[in-house]
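Visitor: Pasting a structure here, questions to come.
The values are calculated or read from the model by the stated rules, or taken from the named source; none is laboratory data. From a predicted model like this one, the values you see are computed outputs, not experimental measurements. So basically every Cβ, Gly included, is an ideal-geometry build from the backbone, and we count neighbours across all protein chains shown. Heads up: the accessible areas ignore ligands, DNA and RNA and are worked out on the full protein's heavy atoms, side chains in. Shrake-Rupley method; radii C 1.70, N 1.55, O 1.52, S 1.80 Å.
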Amino acid sequence: MGFEQLAELRDRLRAEKEQVKTDSAVRPKRKSPPQAKPREQDPAVEAIWRLQKHFPMAFPVNPAPKVPLKEGIFKDAELHLELLGVTSEQLKLGIATWCRGARYWACMVENAPRLDLNGQAVGTVTAAQAQYAKQQAARQRSQDRRNRSKAKASAPAAPAADPAVEQTAD
């Protein structure tokens, strides 16, 4: 290809580029594809997320350990429904879910400080409450074991190899 041909090609490409620019300016732009509707999130999870956002000392994000909450924390949190943007039922469900489970029961040891929404100590865990948490944790572990053993028992076994179907190498 000679210099004249290269110059001609360059000029033609520039002209095409200019044409594309003017066409796109005249042509209406395409609408972006409709956004997927946000999935409905579990109301308890939504409430917990909002509690963690606004009160991180009382509702720490995993992997930080949970802390024992003040008795009556729901009434304190209920005063902040507008700030949290949740209903009273969602808040109740969120706090109930937060206070259930191995991470919460593990923090419930005798004389551990109970915290309010701002992370201030306002009481301690009693021996009876610590014992109850241990019982709940043990109950949850045994329930999990039962569920796993049921799942194993109901899982279909791998089919045995059929000797009639087996092929032999020649």
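Visitor: Out of the residues in segment 1-35 that are open to solvent by less than 90 Å² (accessible area, probe 1.4 Å) and not in a helix (DSSP H, G or I), which is modelled with the lowest pLDDT?
Guide: SER32
Visitor: Also, I was wondering about something else. Out of segment 71-109, which residues are assigned to a loop (DSSP other than H, G, I, E, B) and either surrounded by 14 or more Cβ atoms within 10 Å (Cβ to Cβ) or small (Gly, Ala, Ser) (or both)?
Guide: Of everything in segment 71-109, those that are assigned to a loop (DSSP other than H, G, I, E, B) and either surrounded by 14 or more Cβ atoms within 10 Å (Cβ to Cβ) or small (Gly, Ala, Ser) (or both) turn out to be GLY72, HIS80, GLY85, VAL86, CYS99, GLY101, MET108, VAL109.
Visitor: Determine, yes or no, whether LYS150 is more than 21 Å from ILE48 (Cβ to Cβ), modelled with pLDDT under 90, in a helix (DSSP H, G or I) and basic (Lys, Arg).
Guide: So LYS150 fits the description; yes.
Visitor: In this structure, does LEU115 turn out to be at pLDDT 95 or above and surrounded by 12 or more Cβ atoms within 10 Å (Cβ to Cβ)?
Guide: Criteria met by LEU115.
Visitor: Quickly run through segment 70-102 and pick out the residues that are touching an Asp or Glu at 6+ places or on another chain (Cβ under 8 Å) and either closer than 26 Å to ARG141 by Cα or hydroxyl-bearing (Ser, Thr, Tyr) (or both).
Guide: Selection gives LYS70, SER88, GLY94.
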